[in-house]
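Enquirer: Before I ask anything, let me first share the structure, which is written out below as structure tokens.
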Amino acid sequence: SKEKGKNGYSFFNAELSQEKSRKMTIENALKKAIQRDQFILYYQPKVVLGTRKIIGMEALLRWRHPDLGWVSPVEFIPVAEETGQIVAIGEWVLEEACRQNKQWQDAGYPPLNISVNVSVLQFKHGKFLETVERILGKTGLDTRYLELEITESIMQNIKESKKILVSLQQMGIKISIDDFGTGYSSLHVLQKLPIDTLKIDKSFVDELDIDELNPMVKAIIDLGLNLDMTLVAEGIESENQMNVLIEHGCTIGQGYLFSKPVAPEDFEGLMQIPGML
Ligand code: C2E
Ligand code: CA
Ligand code: CA
Ligand code: CA
């Protein structure tokens, strides 16, 4: 009513229910997104800091809905996780990423690693290992080119996670801990898991502009190096950030300084620039 509107109460409710209805719209639209061909993978190059040589790529999911337009993964991935739809979506992502990477290799581009984001829910889903094996078989991608990015939250159920990680490692797949330093991590546990790469979260890279000697960044890099892991910094936007990271011992990175995530045909363009590969 008008009266309630004056004290802001019903306005607040209206806003809440608007949010709720957008979430429901997204939830329903997601159910048909695969079948209607609304997903596409973008690729962001992973480069050697300093030389900018491309050594890999991360697949990032994009969704275009006819009415909603482009919906950010920041908005729809949590919905898909909540409803369990992430299992089917994640499977689509993995297959498309492997297929595309193999196709590029078959077309004569030098082989590059492909990193795929895996949600914890997907990872813990009973058939994850079977799914990965099936997709690798179907697409023909050599396992050594595949890297899975998972978050620190896998450490919450360590026994179960370790089994899966060890099996993946035995298959020749690499494991990367995404957004490292932002979540739940036990250093003791970290050491016992077959992890190849630590990805330094963008929030730490951002801080390098304020404080070049940021102790957290230095600590994460030293930890990774001491555990014999590869370090990848994400979200690098400035030369300054890049130079500080190099000084600290981080050799690989991603970020807008090099390239935003781009559509497959644009990634092909990047690979054709002399000196990029
Ligand atoms: P993430 O895995 O940490 O991916 C990095 C995000 O940072 C991407 O956002 C990327 O576009 C963005 N980014 C990269 N470099 C820069 C930079 O220099 N500056 C800034 N401001 N941003 C940069 P995006 O593509 O919107 O994805 C957001 C998140 O959504 C991802 O974070 C990931 O958690 C999730 N996500 C995306 N695709 C998938 C997927 O296929 N499966 C799952 N489970 N999650 C996904
Ligand atoms: Ca990632
Ligand atoms: Ca990340
Ligand atoms: Ca991040």
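Read-outs: derived from the displayed coordinates by stated rules, not from any lab. Nothing here was measured: the structure is a model prediction, and the numbers come from that model. Cβ: placed from backbone, ideal geometry, glycine included. Neighbour counts: every protein chain shown.
Enquirer: Once the stretch 1-155 is represented by equal point scatterers at the alpha-carbon sites, with solvent omitted, what log10 I(q)/I(0) does the Debye formula produce at q = 0.09 Å⁻¹?
Expert: Treating every Cα as an identical point scatterer, log10 I(q)/I(0) equals -0.39.
Enquirer: What does the helix-only formula give at 222 nm for the chain: each DSSP H stretch with n ≥ 4 adding -39500 (n - 2.57), the total divided by the residues, and the result rounded to the nearest 500 deg cm²/dmol?
Expert: -15000 deg cm²/dmol
Enquirer: Next up: Put one equal scatterer on each alpha carbon of the stretch 182-223, apply the Debye formula with no solvent term, and list log10 I(q)/I(0) at q = 0.18, 0.28 1/Å to two decimals.
Expert: Here the Debye-derived log intensity ratios amount to -0.58, -1.09.
Enquirer: Could you state the number of Å between the C-alpha centres of the stretch 161-215 and the stretch 243-277?
Expert: Going from one Cα centre to the other spans 20 Å.
Enquirer: Kindly provide the pair-distance distribution of the stretch 197-277 built from C-alpha pairs, with 10 Å bins from 0 and whole-percent values in order of increasing distance.
Expert: Per 10 Å bin, starting at zero, the Cα-Cα P(r) for the stretch 197-277 comes out as 18, 46, 26, 10 percent.
Enquirer: Once fully extended, how much extra length lies between Met216 and Asp196, figured as 0.36 nm per residue of separation less the alpha-carbon to alpha-carbon distance?
Expert: Using 0.36 nm per residue and subtracting the Cα-Cα distance, I get 5.2 nm.
Enquirer: Can you tell me what the convex hull of the Cα atoms of the stretch 128-277 projects to on average, as an area in nm²?
Expert: 10.1
Enquirer: Dipole magnitude of the stretch 155-222 about its Cα centre, charges +1 at Lys/Arg Cβ and -1 at Asp/Glu Cβ only, in debye to the nearest 20?
Expert: Once rounded to the nearest 20, the dipole reads 660 debye.
Enquirer: Restricting to Cα pairs below 8 Å that are 6+ residues apart, what does the relative contact order work out to for the stretch 126-277? Please round to a whole percent.
Expert: 16
Enquirer: For Met171 and Gln105 in the same chain, what is the full-extension length gain: residue separation times 0.36 nm, less their Cα-Cα distance, in nm?
Expert: Here the segment from Met171 to Gln105 would lengthen by 21.8 nm.
Enquirer: Let me ask you something else. Any idea which of Leu193, Leu225, Gly172 is furthest toward the positive side of the dipole for the stretch 168-262, if Lys and Arg beta-carbons carry +1 and Asp and Glu beta-carbons -1?
Expert: Checked the options; the winner is Gly172.
Enquirer: Note down the nm distance, to one decimal, between modelled labels 7 Å out along Cα→Cβ at Arg144 and at Asn226.
Expert: 3.1
Enquirer: How many nm separate the modelled label positions at Glu133 and Lys20, each set 7 Å beyond the Cα in the direction of the Cβ?
Expert: 4.5
Enquirer: What is the antiparallel percent of DSSP beta bridges lying wholly in the stretch 1-145, to the nearest 5?
Expert: Close to 75 percent.
Enquirer: So how far, in whole Å, is the C-alpha centre of the stretch 14-35 from the one of the stretch 59-95?
Expert: Going from one Cα centre to the other spans 12 Å.
Enquirer: At q = 0.10 Å⁻¹, what log₁₀ I(q)/I(0) does the chain have when each alpha carbon counts as one equal point scatterer in the Debye sum?
Expert: -0.58
Enquirer: How big is the Cα convex hull of the stretch 63-130 in projection, averaged over all directions, in nm²?
Expert: Mean projected area of the Cα convex hull: 6.0 nm².
Enquirer: Would you mind putting 110-117, 173-180, 235-242, 67-74 in packing order, based on average other-beta-carbon counts within 10 Å, highest first?
Expert: Ranking the peptides 110-117, 173-180, 235-242, 67-74 by packing returns 173-180, 110-117, 235-242, 67-74.
Enquirer: Right, here's the next one. Between Asn240 and Arg36, with labels modelled 7 Å along Cα→Cβ, what's the label distance in nm to one decimal, could you check?
Expert: 4.5
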